[in-house]
Amino acid sequence: FFRVAVVCICPTCDCIPQAHLSVPPIKQEHNTMSIQACKVDRTHLSNFNYGHIKLSDMPDEMRSEVKEAVVTAIEKFPDNYEGASKFVKELMDKKFGTYWHVIIGDSFGFEITYELKHLMYMFFGGHIAVLIFKAL
């Protein structure tokens, strides 16, 4: 039997990302590999200054208005996702009626029930996910 260790070392901070570690860390003679969380480097995503719609069943006119509102909100509140989502929700409630939900964050999953023709899932800046839907 052979024991094979597959170890991926992060190129930015020389740490071992937890998700890629298949066996306990191997101690070397002079230095020890760490299992600390990988530092997130998003400099390569700086060119994505636009919204990318991943999934939507909205009419074209509504989709473009919502995308524009999301981009404006994230540019207005760059480090405050709660403020940005509140801004978009208030705008959607005024423009398209009540019961809108807006979720903005870095990583999340979802399973929702929504009103048909009232859903959009998009990304902004390459890593900020935005989910907008109207509840039943």
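The values are calculated or read from the model by the stated rules, or taken from the named source; none is laboratory data. Model, not experiment: these values are computed from the prediction. Using ideal geometry, Cβ is built from the backbone for each residue, glycine included, and neighbour counts are taken over all protein chains shown. Accessible surface is based on the protein model in full, side chains and every heavy atom, while ligands, DNA and RNA are left aside. Shrake-Rupley method; radii C 1.70, N 1.55, O 1.52, S 1.80 Å.
What residue, among those in the stretch 99-121 that are touching a His at 6+ places or on another chain (Cβ under 9 Å) and loosely packed, with under 14 Cβ neighbours inside 10 Å, is modelled with the highest pLDDT? Here the residue is ILE112. For the stretch 103-131, residues that are within 13 Å of the chain's Cα centre (by Cα) and among the β-branched types (Val, Ile, Thr) total 4. Contact map, the stretch 83-104: residues that are on the phi > 0 side of the Ramachandran plot paired with residues that are open to solvent by less than 80 Å² (accessible area, probe 1.4 Å), Cβ distance under 7 Å, separation 6+ or inter-chain. Pairs shown: TYR99/LYS134; TYR99/ALA135. Checking each residue in the stretch 84-98 for being surrounded by 15 or more Cβ atoms within 10 Å (Cβ to Cβ) and out of contact with any helix residue (DSSP H, G or I) (no Cβ under 6 Å at 6 or more places or on another chain) picks out SER85, LYS86, LYS89, MET92, PHE96.
Determine whether the stretch 122-132 contains at least one residue that is open to solvent by less than 60 Å² (accessible area, probe 1.4 Å), under 14 Å from GLU65 (Cα atoms) and of a type outside the set (Val, Ile, Thr). The answer is yes; a qualifying residue exists.
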